[in-house]
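Participant: Below you'll find the structure I mean.
The values are calculated or read from the model by the stated rules, or taken from the named source; none is laboratory data. Because the structure is predicted, anything quoted here is derived from the model rather than measured. Quick reminder, even Gly has a Cβ in these numbers, built from the backbone with ideal geometry, and neighbours come from all protein chains shown.
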Amino acid sequence: MSDGTPILLILFGLACYFLPTIIAACRDKANGTGGVFFVNLLLGWTLLGWLVAFIWACSGTTMADKRREERRHRELLAALPTRRVSPEDFAAEMAALKSRT
């Protein structure tokens with residue numbers, strides 16, 4: 001082995017160990033990059049903890065999904081008809097609602 005091989009092996013091992021955290025960061029998870037990191041850090045040494053972190057990192061919504069959803073909501077709100085209600089119309093509607101109860 002050359003002098004740099006042990007360092008490369010250690011770096012490769014760390015990259016494999018923190019793969020769930022790397023995936024969560026690359027996916028820009030909307031709710032969980034920090035959580036994935038802590039589960040990975042504290043429980044990653046167990047196979048079950050590593051699998052939980054990996055599944056958590058690969059599932060769920062990303063910030064891009066959140067932005068797309070917010071943009072869609074803004075478009076839907078912008079498409080709603082807007083009209084001004086006069087005080088007389090408002091009073092008439094309120095009276096009609098009160099008379100129903």
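Participant: When both residues are 6+ apart or on different chains and their Cβ atoms are under 8 Å apart, which pairs have a first residue that lies in the range 22-46 and is closer than 12 Å to residue 63 by Cβ, and a second that is in a helix (DSSP H, G or I) and among the acidic types (Asp, Glu)?
Facilitator: Correct list of pairs: 30/65.
Participant: Tally the residues that are in a loop (DSSP other than H, G, I, E, B), on the phi < 0 side of the Ramachandran plot and surrounded by 15 or more Cβ atoms within 10 Å (Cβ to Cβ), restricting the search to the range 31-60.
Facilitator: The total comes to 1.
Participant: As an exercise: evaluate residue 98 against (1) surrounded by 14 or more Cβ atoms within 10 Å (Cβ to Cβ); (2) modelled with pLDDT under 95; (3) of a type outside the set (Ser, Thr, Tyr) and give the number of the one condition it does not meet.
Facilitator: (1)
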